[in-house]
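The values are calculated or read from the model by the stated rules, or taken from the named source; none is laboratory data. Just so we're clear, the structure is a prediction, and the values are computed from it rather than from any experiment. Reconstructed Cβ throughout: ideal geometry from the backbone, glycine too, with neighbour counts over all protein chains shown. Areas reflect the complete protein model, heavy atoms only, side chains present, ligands, DNA and RNA absent. Shrake-Rupley method; radii C 1.70, N 1.55, O 1.52, S 1.80 Å.
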Amino acid sequence: NYDEACHEAMRRCHERNLTFIHPFDDEVVIAGQGTIGLEMLDVQSDLDAVVIPIGGGGLIAGVACAVKETNPKIQVIGVETSKLAPMKAAMEKHKLVTVPAGKTIADGIAVRRAGEITFPLAEKYVDEIVTVDDEEIANAILVLLEKEKTLTEGAGAVGAAAMLNKKTSLHGKKV
């Protein structure tokens, strides 16, 4: 799982005197992720909302910051798997929490704890976090394959799962 892989990577960096670049809890990584939000606005400047997957929070922190600083009226919705939703839990408790380990089809966002850097950015810029279950994610993967001819991993399909299952109030809006 992510936690074990991260721990091992940090151990090897320490052992070999290497530099560890965190996959989501790093200011430069977050800024890089923010360019996706700017690209979205370049393509569709009048967006009403963006729907972003959440693992440790790097993607949503970067995109939300870029989008909200450009246009504060754009709604930012985060999506986590219902089996691992550490950012939603942290937002509800107003502090970082570690959720129990779990298995999910969305293994690319299967993180047990949001980042120290990403959490305050999410608190500031994210309007809402919703969750989707594995069946909803699997159905979204199938719909994306059948309708869009796009094969996505589970983590890549959580936004579509949220939209298809009406987890948000974005019907009729530019998303």
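Being of a type in the set (Ser, Thr, Tyr), in contact (Cβ under 8 Å) with a residue 24 or more places away in the chain and surrounded by fewer than 21 Cβ atoms within 10 Å (Cβ to Cβ), is that true of even one residue in segment 114-122? Steps first, answer last, please.
Narrowing segment 114-122 to residues of a type in the set (Ser, Thr, Tyr): 118.
Pick out the ones that are also in contact (Cβ under 8 Å) with a residue 24 or more places away in the chain and you get 118.
Adding the requirement that they be surrounded by fewer than 21 Cβ atoms within 10 Å (Cβ to Cβ) leaves none.
No; the residues of segment 114-122 include none that is of a type in the set (Ser, Thr, Tyr), in contact (Cβ under 8 Å) with a residue 24 or more places away in the chain and surrounded by fewer than 21 Cβ atoms within 10 Å (Cβ to Cβ).
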Looking across segment 84-105 at residues that are touching a residue at least 40 places away in the same chain (Cβ under 8 Å), crowded, with 18+ Cβ neighbours inside 10 Å and not hydroxyl-bearing (Ser, Thr, Tyr), the single one that is nearest to GLY57 (Cα to Cα) is MET87
Being in a helix (DSSP H, G or I) and closer than 23 Å to LYS174 by Cα narrows LYS68, LYS73 down to just LYS68
Segment 97-175: helices (runs of 4 or more DSSP H) wholly inside it with 3 or more residues that are among the small types (Gly, Ala, Ser) are 154-164
Quick one: count up the residues across segment 123-175 that are open to solvent by 50 Å² or more (accessible area, probe 1.4 Å) and within 14 Å of ALA85 (Cβ to Cβ). 3
So ALA89 ticks every box in (1) within 16 Å of VAL132 (Cβ to Cβ); (2) in a helix (DSSP H, G or I); (3) in contact with a Ser or Thr (Cβ under 8 Å, 6 or more places away or on another chain) but one. Which box is left unticked? (3)
Just to be sure, is ALA61 within 11 Å of the chain's Cα centre (by Cα) and either more than 21 Å from GLU135 (Cα to Cα) or open to solvent by 90 Å² or more (accessible area, probe 1.4 Å) (or both)? yes
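Condition check ((1) open to solvent by 60 Å² or more (accessible area, probe 1.4 Å); (2) in a loop (DSSP other than H, G, I, E, B)) across all residues:
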site: HIS14; (1), (2): yes, no
site: HIS22; (1), (2): no, yes
site: ASP25; (1), (2): no, yes
site: VAL29; (1), (2): no, no
site: GLY37; (1), (2): no, no
site: VAL50; (1), (2): no, no
